[in-house]
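Below is one structure, written out as structure tokens; comments come after it.
Laboratory data are not the source of any read-out in this text; all were calculated from the coordinates shown. What you are looking at is a predicted structure, and each value in this text was computed from that prediction instead of being measured. Note that each Cβ is placed from the backbone with ideal geometry, even for glycine, and that neighbours are counted across all protein chains shown.
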Amino acid sequence: MLEKIKEINSEIERFTIETKEQLEAFRLAFMSKKGKVSTLFDDFKNVAAEEKKLVGQELNKLKNIAQERFDSLAEVLQNGSSSIGADASLDLSLPAIPNELGTRHPITLVKERIIQIFERMGFNVSDGPEIEDDWHNFSALNFPENHPAREMQDTFFIEKNPDMILRTHTSNVQVRIMEQGKLPIRSIMPGRVYRNEAISARAHCMFHQVEGLYIDENVSFADLKNTIYHFVKEMFSKDITVRFRPSFFPFTEPSAEIDISCLICKGKGCTICKQSGWVEIGGCGMVDTNVLDNCKIDSKKYSGFAFGMGVERITNLKYQIKDLRLFTENDIRFLRQFTAAE
């Protein structure tokens, strides 16, 4: 029986198939009900019991070999001409298909540019968990329990008692760095954050932030302003105007909003700047002494500033994009506009 299997296997390999007629002859000779492979399966019942396992394995291999050769040649004949040797669709003189370089997501491009600017000013990059506890996301940052300030950030809760949440800002990384007690600190914290907000041209429930923290002796608000001025000029243009508006954040005192002149409408008014000619790009302020004390830093000896900005907002302005929903719709026509050289 094994000798017959080897003999038929050799016949399958030698069988010439170049046309559809020859392919049909191959099927009739080996794969039809009266073909040689089917005949072997009929004779399998006469094989001794101790040989059935080995013979059965070889029979199945033979059947698979015949089927695979038939299927592959049938596909070639179906897609090409009526003859395998006369495939006019293959032109070896044609040039190779060029490799197309992929594109970079605009959020990635802008985030890396922000990191580059601050690294040149001496800031390093820090990271932390996106699932956070109440202490690092709120309490250590001077958000008292049940205080109205917590309502400024509509939070996604994962667990209650104790509270585990999706972080609402990357300030949780600031707390973790300060708790390490390695001073001075000069670091930025890029990452994703989550807030339960309605999705619109100006807001999303998931977005990206870059926050910064500088703590040392004799740090002043003037240091903060000069840092922001330098960043804006490097990120956008030397001609951009910057203004600071007094504001409130639980973790900084004094606090300010950072506005720049709108790049999209050039100050004339549009949906992005709410017809004001100014666009808020972030918030900043001097680190509150309560926050320093919570993190076991001597607030009488050390001072510092913190700032934070949305990467989507910066990207909107840099590339003149009026709807941030485009960043998460995965429209390849939109994404192809941005190259690695940006």
Given LYS4/LYS63; LYS33/LYS53; LYS4/LYS61; LYS6/LYS33, the pairs whose alpha carbons are separated by over 18 Å: LYS33/LYS53; LYS6/LYS33
Overall form of segment 242-281 per C-alpha gyration tensor (a/c, 1.5; a/b vs b/c): prolate
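By per-residue mean of other Cβ atoms within 10 Å, what is the highest-first order of 55-68, 34-47?
Top to bottom by mean Cβ count within 10 Å: 55-68, 34-47.
Among ASP71, ASP133, which comes first, then next, by fewest other beta-carbon atoms within 10 Å?
Neighbour counts put them in this order, fewest first: ASP71, ASP133.
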What is the gain in length, in nm to one decimal, between ILE65 and LYS300 on full extension, counting 0.36 nm per residue of separation less the C-alpha to C-alpha distance? 76.3 nm
Go ahead and run the numbers for FRET between GLU100 and THR241, Cβ-Cβ distance against an R0 of 45 Å, rounding to 0.05. 0.65
Each label point is 7 Å from the Cα along the Cα-to-Cβ direction; what then is the distance between the points at GLU11 and LEU92, in nm? 3.5 nm
For the chain, the helices passing both cut-offs (Cα extent along own axis of 15 Å or more, Kyte-Doolittle mean at least -1.0, full DSSP H runs) are 52-79, 106-120, 221-235
To the nearest 20 debye, what is the magnitude of the charge dipole of segment 151-205 about its Cα centre, counting +1 on the Cβ of each Lys and Arg and -1 on the Cβ of each Asp and Glu? 320 debye
Rounded to whole Hz and in sequence order, give me ³J(HN,Hα) for segment 248-256 from the Karplus expression 6.51 cos²θ - 1.76 cosθ + 1.60, θ = phi - 60°, writing x for Gly and Pro. 9, 9, x, 9, 9, 7, x, 10, 8
If a cysteine in the chain has no other Cys Cβ under 4.7 Å from its own Cβ, put it on the list, ordered by number. CYS205, CYS284, CYS295
Per principal axis, descending, Cα span of segment 210-342 in whole Å: 54, 30, 25
So if I place +1 on the C-beta of Lys and Arg and -1 on the C-beta of Asp and Glu, and nothing else carries charge, what would the dipole magnitude of the chain be about its Cα centre? I want it in debye, nearest 20. 700 debye
Scattering profile of segment 2-85 from the Debye formula, Cα beads only, expressed as log10 I(q)/I(0) at q = 0.17, 0.20 Å⁻¹, is -0.69, -0.87
Residues with amide H under 5 Å from that of THR252, placed H, sequence gap 5 or more: ASP288
Which value, in debye to the nearest 20, gives the size of the charge dipole of segment 2-85 about its Cα centre, when Lys and Arg are +1 and Asp and Glu are -1 at the Cβ? 220 debye
Which aspartates and glutamates, on any chain, are close to LYS182 with Cα under 15 Å apart, when same-chain ones fewer than 8 places away are left out? ASP216, GLU217, ASP293, ASP298
Given just the C-alpha atoms of the chain, how large is their convex hull per residue in cubic angstrom? 281 Å³
So what is the relative contact order of the chain, in percent, for Cα pairs below 8 Å that sit 6 or more residues apart? 15 percent
Output ³J(HN,Hα) for segment 196-204: one whole-Hz value per residue in order, computed from phi by the Karplus curve 6.51 cos²θ - 1.76 cosθ + 1.60 with θ = phi - 60°, and x for Gly and Pro. 7, 10, 5, 7, 8, 5, 10, 9, 8
Can you order the peptides 243-249, 13-19 by their average number of other Cβ atoms within 10 Å per residue, highest first? 243-249, 13-19
Any lysines with Cα under 20 Å of the LYS233 Cα? List them, leaving off those in the same chain fewer than 8 positions away. LYS111, LYS225, LYS266, LYS318
